[in-house]
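**Student:** Take this structure first; my questions come after.
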Amino acid sequence: MKKKSLQKHIDVKRRFAVGFHDNESIENLKLSIADVVCKLDHWGEELPQSWAMFETFFQEKKIRKILSTVELQSFNETLPEGIKLSTIEDMDSMLQFFHGIRELIHFNQQFLNEVIILDVQWFADAFRNVITDKNHAKEDLFEFASEWDKFNETGELDETLLSAIWRMNNNGYLEHKEDIMMYMEKLGLLAKMSDKIWYVPCMNKMQFPVDCFSTYPASSILCYTFDVLPVEIFHRLVAICMQIPWEIFSDEERGCIYQTAAILVFHDQHHNIMLGMTQTEIQVQMFVVEGEVDVLTCHQIREILEHTLQNLSDAFQKNSEFLVAFKCKPTGFCDSRVSAVISDSKFTRDTFQCPSCPANRKHCVNTEDITKYWNQQANLSNPNTSTACGQDHGGRSRFAKLGMATHDVLNQAYRDILEMEVHPSVIYSKVKASPNTHKRLRPEQEQLLQAAQHSGYANFDISLTYTLLRNICKKIPKPTKGKWGEDSMPTVGEITVGDDIERIRLMRNKLAAHVSSASTPQTEFNNTWSIISDLCQRLENFTGKAYLGNLNKIRKLTLRKENEDAAIEKIKMESQHEMVKEMWSDMKDVKAAIERLEMKHLSN
């Protein structure tokens, strides 16, 4: 399930605490419980005491700003047995924790994982100094006035100007320039255009020529609507797309990248992507110079952008959730005067009168013409899709099929991965040797582990299997982000076994969250099924077992009502078990906190 917020953890523990202690003592427990929650918030386990020694080490080395992981490993070797970290995975876990609480910056990815930024404020100032207004720069920088003017207009940062800025500040940035720039690229603050030039989106002042590309064959316009769009999300989206890498589309004079829009080339498929922003929307449109826009390419682009945008919006705590919508016409990219935006939920009929345009511009919208580019296999004539009255008769069947795929195929993949590393005959002893995992088991889960010696993993549900994969199996390739239990879906390019384990968990959680409505729209079903198919192919290669055959059988099934009911009931039961599991874990945590508090009181 999703990690709960700190406040939710505290609120839950307060409610349980009433049952174990008198009300007068509840306020005295706040700090103690909050301390427990802070420990639990990292993978649901208390932090190893040895990590405090690393925190001290980081503070001592902070004056150097950047530390190599080789030096960190050397320090680890000086620690006594029982204190030092025994595996690379343990080292990664420790670094990700301190990264998560903003004590340092470290990404467990190629090249980036070789260094650790110890001074977060120093790193932030490095970027702040780059984007400082020219009028606030010292006189020493005026000799680079022409370079600065270009940078301030286009966002294109020349290496000569960058070096001059950092030399002027004299904070050690030039010494670590290569590492700093790699981390800035990773965070979406800038993108590399060539060996000597970087693009800094927030500095671009070039105005987008609205009608410049309107004569080319184009798709409809996909919109991601926000209550308030943080401009940083758009800027970082553009920078990340340039790193995929998607090249910048060029006209005769310059690259087509502007303050509020960017035109990018999608690999070698002769399709071009227009990304633009308004005050509340990010808009996407595909166009080709010759021929016709390919629908499947649009589907692929949407999947890449949506995963990236979701990760970016998750990083912003306020007003950053978005909804999918479409422009009512394929014209008026980033121009509200030409066409209006309609929510995806409004496209329930073959044709309907535009609900968003003013009375003097009312017109008829053809759903197929608008949605075919972005919604996979959209076909309103199919009885399993939306009807004229807006009721989705096939939604219940699609929901049930996703449940069957999760229980019958994806959970089996979980079990196969588990068995590759831990034989059922020794799983119980392995769990008992991990106190933090063992103490969180419910009685019925412990019984399953004990019975595994004879019956194997056949009766393990997806929740128990995930817990074991995450906490017991140390050889499984971890998620690309280096951390289990993230709230956001891995992006398209993140395809380790750990990433796919996380995808399965998140898809299953989403299914459980929607069990009350028990209906899945056609577009969402197609997108989710595509993700499941891709990960099943990868897991077949990893385990040597077959999953796609069973998956395809489920998709082709014609379900009777009783089959749908059975599949949906199974999802409901698992959702209820998850609630019980969380309550059980919370009660144990609060009991432990109270016992420690009482022991402290007695010792005083």
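**Student:** Of the conditions (1) out of contact with any helix residue (DSSP H, G or I) (no Cβ under 6 Å at 6 or more places or on another chain); (2) surrounded by 17 or more Cβ atoms within 10 Å (Cβ to Cβ); (3) under 30 Å from T154 (Cα atoms), R128 clears all except one; give me its number.
**Tutor:** (2)
**Student:** Output the number of residues of segment 444-465 satisfying the condition of being in contact with an Asp or Glu (Cβ under 9 Å, 6 or more places away or on another chain), assigned to a helix (DSSP H, G or I) and either of a type in the set (G, A, S) or within 13 Å of L506 (Cβ to Cβ) (or both).
**Tutor:** Number of matching residues: 2.
**Student:** Provide a single number: the residues in segment 506-525 that are more than 19 Å from K346 (Cα to Cα) and not basic (K, R).
**Tutor:** Counting residues in segment 506-525 that are more than 19 Å from K346 (Cα to Cα) and not basic (K, R) gives 10.
**Student:** Go through segment 119-156 and give me each residue that's β-branched (V, I, T) and at pLDDT 80 or above.
**Tutor:** V120, V130, I131, T154
**Student:** Give the residue that is farthest from I472 (Cα to Cα), with candidates limited to residues of segment 369-428 that are touching an Asp or Glu at 6+ places or on another chain (Cβ under 6 Å) and either surrounded by fewer than 20 Cβ atoms within 10 Å (Cβ to Cβ) or modelled with pLDDT of 90 or more (or both).
**Tutor:** If we take residues in segment 369-428 being touching an Asp or Glu at 6+ places or on another chain (Cβ under 6 Å) and either surrounded by fewer than 20 Cβ atoms within 10 Å (Cβ to Cβ) or modelled with pLDDT of 90 or more (or both), then L380 is farthest from I472 (Cα to Cα).
**Student:** Related question: Go through segment 459-513 and report how many residues are under 15 Å from Q109 (Cα atoms), at pLDDT 85 or above and small (G, A, S).
**Tutor:** 1
**Student:** Among the numbered conditions (1) over 19 Å from F208 (Cβ atoms); (2) without any contact (Cβ under 8 Å) to a residue 40 or more places away in the chain; (3) of a type in the set (V, I, T), tell me where V338 comes up short.
**Tutor:** Here V338 clears every test but (1).
**Student:** Could you please give the count of residues in segment 149-170 that are surrounded by fewer than 15 Cβ atoms within 10 Å (Cβ to Cβ), of a type outside the set (K, R) and closer than 15 Å to W122 by Cα?
**Tutor:** Number satisfying all stated conditions: 1.
**Student:** Report, by residue number, each residue of segment 505-521 that is in contact with a strand residue (DSSP E or B) (Cβ under 9 Å, 6 or more places away or on another chain) and of a type in the set (S, T, N, Q).
**Tutor:** Selection gives S519, T520.
**Student:** Has segment 318-326 got any residue that is crowded, with 17+ Cβ neighbours inside 10 Å, touching a residue at least 12 places away in the same chain (Cβ under 8 Å), outside any loop (DSSP other than H, G, I, E, B) and out of contact with any Asp or Glu (no Cβ under 9 Å at 6 or more places or on another chain)?
**Tutor:** There is no residue in segment 318-326 that is crowded, with 17+ Cβ neighbours inside 10 Å, touching a residue at least 12 places away in the same chain (Cβ under 8 Å), outside any loop (DSSP other than H, G, I, E, B) and out of contact with any Asp or Glu (no Cβ under 9 Å at 6 or more places or on another chain).
**Student:** Please work out which one of (1) more than 20 Å from the chain's Cα centre (by Cα); (2) within 16 Å of L535 (Cβ to Cβ); (3) not in a helix (DSSP H, G or I) is the condition K474 fails and give its number.
**Tutor:** (2)
**Student:** Any residue in segment 347-363 that is assigned by TED's automatic domain parsing to the domain that holds C328 and part of a strand (DSSP E or B) sitting within a Cβ distance under 8 Å of a residue that is charged (D, E, K, R) and surrounded by 12 or more Cβ atoms within 10 Å (Cβ to Cβ)? List the pairs, counting only those 6 or more apart or interchain.
**Tutor:** Here the result reads F352/K346, each pair linking segment 347-363 to a residue that is charged (D, E, K, R) and surrounded by 12 or more Cβ atoms within 10 Å (Cβ to Cβ).
**Student:** Take residues that are touching a residue at least 40 places away in the same chain (Cβ under 8 Å) and either among the basic types (K, R) or farther than 22 Å from G498 by Cα (or both) and tell me which of the helices (runs of 4 or more DSSP H) falling wholly in segment 81-174 contain 2 or more.
**Tutor:** By residue number, 120-130, 145-154, 159-169.
**Student:** Under 16 Å from the mean Cα position of the chain (by Cα) and among the charged types (D, E, K, R) - does that describe any residue in segment 445-460?
**Tutor:** No - not one qualifying residue is present in segment 445-460.
**Student:** If you go through segment 237-253 one residue at a time, do you hit one that is touching a Pro at 6+ places or on another chain (Cβ under 8 Å), in contact (Cβ under 8 Å) with a residue 40 or more places away in the chain and within 30 Å of F123 (Cβ to Cβ)?
**Tutor:** Yes, there is a match, as at least one residue in segment 237-253 is touching a Pro at 6+ places or on another chain (Cβ under 8 Å), in contact (Cβ under 8 Å) with a residue 40 or more places away in the chain and within 30 Å of F123 (Cβ to Cβ).
**Student:** Another one. For P521, are the conditions met, namely being closer than 18 Å to E564 by Cβ and surrounded by 17 or more Cβ atoms within 10 Å (Cβ to Cβ)?
**Tutor:** For P521, the condition - closer than 18 Å to E564 by Cβ and surrounded by 17 or more Cβ atoms within 10 Å (Cβ to Cβ) - is met.
**Student:** Can we say S74 is part of a helix (DSSP H, G or I) and either over 27 Å from the mean Cα position of the chain (by Cα) or closer than 25 Å to C473 by Cα (or both)?
**Tutor:** Judged against the criteria, S74 is a match.
**Student:** Do you know which of the residues in segment 310-347 that are of a type in the set (F, W, Y) and within 16 Å of S219 (Cβ to Cβ) is modelled with the highest pLDDT?
**Tutor:** Checked segment 310-347; the qualifying residue modelled with the highest pLDDT is F326.
The values are calculated or read from the model by the stated rules, or taken from the named source; none is laboratory data. Just so it is clear, the structure is predicted and the values come from calculations on it, not from any experiment. For neighbour counting, all protein chains shown are included, and Cβ atoms are generated from backbone atoms with ideal geometry for every residue, glycine included.
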